[in-house]
1. What is the sum of charges, Lys and Arg at +1 and Asp and Glu at -1, for the other residues whose Cβ falls under 11 Å from the Cβ of Asp10?
2. Under 18 Å from the Cα of Lys9, which aspartates and glutamates turn up, not counting those fewer than eight places away in the same chain?
3. For Glu49 paired with Lys279, estimate the spin-label separation in nm (one decimal), with each label point 7 Å from Cα along the Cα-to-Cβ line.
4. Based on the alpha-carbon set only, what is the convex hull volume of region 4-78 divided per residue, in Å³?
5. Size of the dipole of region 4-78 about the Cα centre, Lys and Arg at +1 and Asp and Glu at -1 on the beta carbon, nothing else charged, in debye to 20?
6. Given Lys28/Lys300; Lys295/Lys347; Lys41/Lys209; Lys209/Lys295; Lys311/Lys347, which pairs have Cα atoms separated by over 32 Å?
7. From the Cα trace of region 173-238, what convex hull volume per residue do you get, rounded to a whole Å³?
8. Report the calculated FRET efficiency for Phe259 and Lys349 (r = Cβ-Cβ distance, R0 = 25 Å), to the nearest 0.05.
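Please treat every number below as a calculation from the coordinates, not as lab data. Owing to the predicted nature of the structure, the values given are computational and were not obtained by experimental measurement. Glycine also receives a Cβ, built like all others from the backbone with ideal geometry; neighbour counts cover every protein chain displayed.
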Amino acid sequence: MASQDWFEKDFYATLGVPQDADADQIKKAYRKLARKHHPDKNPGDAAAEQKFKDIGEANAVLSDPAQREEYDAMRQMARGGARFTAGAGGPGGGAGGFEDIFSAFGGGGGGSRVRFDTGGGSPYGGYGEDADINDILSQMFGGSAGGGAYAGGGQRGYAGYGAPRGPRKGADVEAATSLPFRDAVEGSTVSLRTAEGRTINARIPAGVKDGQKIRLRGKGQPGEPGAAAGDLLLTVSVLPHPVFGREGNDLTVELPVTFAEATLGATVPVPTLDGGSVKVRIAPGTPSGRVLRVKGRGVKGKKSTGNLLAKVHVVVPETLSDKAREAVETLRTEAGDADPRAELAEKAKA
């Protein structure tokens, strides 16, 4: 059930949005104000902290369709959109409106009856024909509409208008966080600060991807007594790594090798994400761009683990000694008229 102090609060004004604002407008306004008044940006500022709590409360209500509908109904009643009048007990007496729904409180047909009168053209006032009488009664009597006194004594639903609704689950909350590359691959626990000042410790599963949105059950707004809390919808941004990249569940790395290693063959170490290394064999005549696969050294997925893909990059020396230059010139002479670009030229003509 809605908090009784909703009558005194204008959540639309708190977020600076019109009453017909859609969900996207409300979300944008909340995020902008939350960043501005966050306690971490305003240490020791009690006014900013209170503003931060107020906008958090406003967002929790207006971002939840059910709570927003209930809040709007209460505001309509507070503005005088509905009133209660006492009318004559007979069928023809008194003002129009819901027909004698409270007649049981008058002790029978002969006494004074309480009638619901909108004072307007529609007998349903600001609620519309789809209004839930249980919600209206819950606002009037401060409790569930499912039980109350009736003529003849005892307890039951109000004139058969329905059973009481159960306690409402807490609203879902959206948040964002950034993770180092290694933490995203291996999994991590992060601490988040909510708009109400709560601290949430959230476990990020291993293998989360950049931009991925994960749902953390029970980490959202608290529910009404007896109801579950909402969920936290967390969007994760993964920071880049200076050495490693990622393709699905495979890790990638550029592997520099010397001209001699690529030409004659060699065994060289490749770094791994855990800080260690593995050795790979460079076959004689390996060109730049060839990818060497190291199985099982990638990202651990639900069903399998990815691989480490080492892409060979042949490093050409920028300076040569006289002896090294002589050796390269000899190599060029031995190669003769071989043209490595001949195939490229033929394909370009096709």
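1. Numbers: positive: Lys9, Arg75; negative: Glu8, Asp54.
In short, 0.
2. The reachable aspartates and glutamates, counting only those whose Cα sits under 18 Å from Lys9, are Asp20, Glu49, Asp54, Glu57, Asp64, Glu69, Glu70, Asp72, Glu196.
3. The modelled label-to-label distance comes out at 6.0 nm.
4. Numbers: hull volume 6.1 nm³, N = 75.
Spread over its residues, the Cα hull of region 4-78 gives 81 Å³ apiece.
5. On the way: 12 positive and 15 negative charges, 95 e Å.
That gives a dipole near 460 debye.
6. Beyond 32 Å between Cα atoms: Lys28/Lys300; Lys295/Lys347.
7. Working: hull volume 4.8 nm³, N = 66.
Hull volume normalised by residue count: 73 Å³.
8. Numbers: r = 31 Å, r/R0 = 1.24.
FRET efficiency, Phe259 to Lys349: 0.20.
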